[in-house]
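Beneath this line is the structure, given in structure tokens, with notes to follow.
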Amino acid sequence: MPSGEPETSNLKYRRVLLKLSGEALMGSGQFGIDIPTCEKFAKAIAGAREAGAEICLVIGGGNIFRGVAGAAKGMERAQADSMGMLATVMNALAMQSVLESLGVPTRVQSAINMDAICEPYIRRRAQRHMEKGRVVIFAAGIGNPFFTTDTGAALRAIEMNCDALLKGTQVDGVYTADPKLDSTATRYNQVAYQELLAKDLRVMDSSAVSLMRDNNIPIVVFSLKEEGSLLNVLYGRGTSTTISNKGADNP
């Protein structure tokens, strides 16, 4: 651990699920996987692991294929969602490769059995991997169409007994409106699940938010662009928005 860092026991969140969008892996590109961008994320994850955190990941597939978009163009929704789930497996394997190139032991578990390339999802095995310091990447959503990777992330965070679900985005929290479109938008430091749903702030889909609310696990929204932002969230510092059952501070 770098000199001057707090002790492991001072982590606010010790076991976490990090949710990344597939689009985040594109970097400045328009499609696919940008390896330097993956390396940036992998270094942040490695640093968090060195600080004593137990980490699992869910990565979307929108950089390769998005089921909703395919359905909108006339494809059967269930078939399109299956293709989207396969895209998340590709992203998981790419991130595994980058993490292991940094010496971080990693396991990919898929909700759709693909024994030749990754493990099937087994809850207790995944928990054991995390206890041993391995990063676990959950792929293929929950294995069923009509559910997003947000819902998959919420479900896995609950099953892994995580302290928080961390959502890495392009902005540093939840705003009253899209800050890219509305210059008057202000950021929440904290917001209640119910207010998030009532105002349709669209941080995650409503099924995922409801799952987290019912199981009383906070969602922390932060920007992955900022250097050291993941560690800051783990220690309870830096700029972010915490979504929980504890209420809101209205901007």
Problem - Residues of segment 137-170 satisfying the condition of being open to solvent by less than 40 Å² (accessible area, probe 1.4 Å) and in a loop (DSSP other than H, G, I, E, B) - result: Ala140, Gly141, Gly143, Pro145, Met160, Cys162
Practice task
Among the residues of segment 202-224, write down those that are free of Cβ contacts under 8 Å to residues at least 12 places away in the same chain, assigned to a helix (DSSP H, G or I) and of a type in the set (D, E, K, R).
Solution key: Asp214
Handout entry: Condition met for Leu181 (open to solvent by 30 Å² or more (accessible area, probe 1.4 Å), within 30 Å of Arg123 (Cα to Cα) and aliphatic (A, V, I, L, M))
Key = no
Practice task
Look through Gly70, Gly27, Gly47, Gly61 and report the one residue that is open to solvent by less than 70 Å² (accessible area, probe 1.4 Å) and over 17 Å from the mean Cα position of the chain (by Cα).
Solution key: Gly70
Fill in the blank from the handout: Contact list, first residue from segment 107-120 and under 11 Å from Gln96 (Cβ atoms), second anywhere and open to solvent by 30 Å² or more (accessible area, probe 1.4 Å) and not in a strand (DSSP E or B), beta-carbon distance below 6 Å, six or more apart or interchain, is Arg107/Arg134; Val108/Gln96; Gln109/Tyr121
Exercise for the section: Determine if segment 169-178 includes at least one residue that is touching a Cys at 6+ places or on another chain (Cβ under 7 Å) and in contact (Cβ under 8 Å) with a residue 40 or more places away in the chain. Expected result: no
Practice task
Sort out which residues of segment 232-246 are open to solvent by less than 40 Å² (accessible area, probe 1.4 Å) and under 17 Å from the mean Cα position of the chain (by Cα), and write them in order of number.
Solution key: Val233, Leu234, Ser240, Thr241, Thr242, Ile243, Ser244
Completion exercise
Gly52 passes all but one of the listed conditions (1) in a helix (DSSP H, G or I); (2) farther than 22 Å from Asp150 by Cα; the exception is number (1)
Problem - Single match in Glu7, Glu50 (criterion: under 23 Å from Leu231 (Cβ atoms), at pLDDT below 90 and out of contact with any helix residue (DSSP H, G or I) (no Cβ under 8 Å at 6 or more places or on another chain)) - result: Glu7
Handout entry: For Met75: the one exception among (1) at pLDDT 95 or above; (2) in a loop (DSSP other than H, G, I, E, B); (3) open to solvent by 50 Å² or more (accessible area, probe 1.4 Å); (4) not small (Gly, Ala, Ser)
Key = (1)
Fill in the blank from the handout: Out of (1) modelled with pLDDT under 95; (2) assigned to a helix (DSSP H, G or I), the one Pro2 does not meet is (2)
Completion exercise
Only one of Glu227, Glu195 is outside any strand (DSSP E or B), modelled with pLDDT under 95 and either in contact with a Gly (Cβ under 9 Å, 6 or more places away or on another chain) or surrounded by 19 or more Cβ atoms within 10 Å (Cβ to Cβ) (or both), namely Glu195
Practice task
Say whether the condition of being of a type outside the set (Lys, Arg), part of a loop (DSSP other than H, G, I, E, B) and open to solvent by 20 Å² or more (accessible area, probe 1.4 Å) is met by at least one residue in segment 89-104.
Solution key: yes
Practice task
Please state which one of Thr151, Thr169 is at pLDDT 95 or above, hydroxyl-bearing (Ser, Thr, Tyr) and touching a Leu at 6+ places or on another chain (Cβ under 8 Å).
Solution key: Thr151
Handout entry: Residue in segment 181-189 that is in a helix (DSSP H, G or I) and touching an Asp or Glu at 6+ places or on another chain (Cβ under 9 Å) present
Key = no
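The values are calculated or read from the model by the stated rules, or taken from the named source; none is laboratory data. For clarity, every value in this text was computed on a predicted model and none was experimentally measured. Don't worry about glycine lacking a Cβ; one is built from the backbone with ideal geometry, like all the others, and counts go over all protein chains shown. Areas reflect the complete protein model, heavy atoms only, side chains present, ligands, DNA and RNA absent. Shrake-Rupley method; radii C 1.70, N 1.55, O 1.52, S 1.80 Å.
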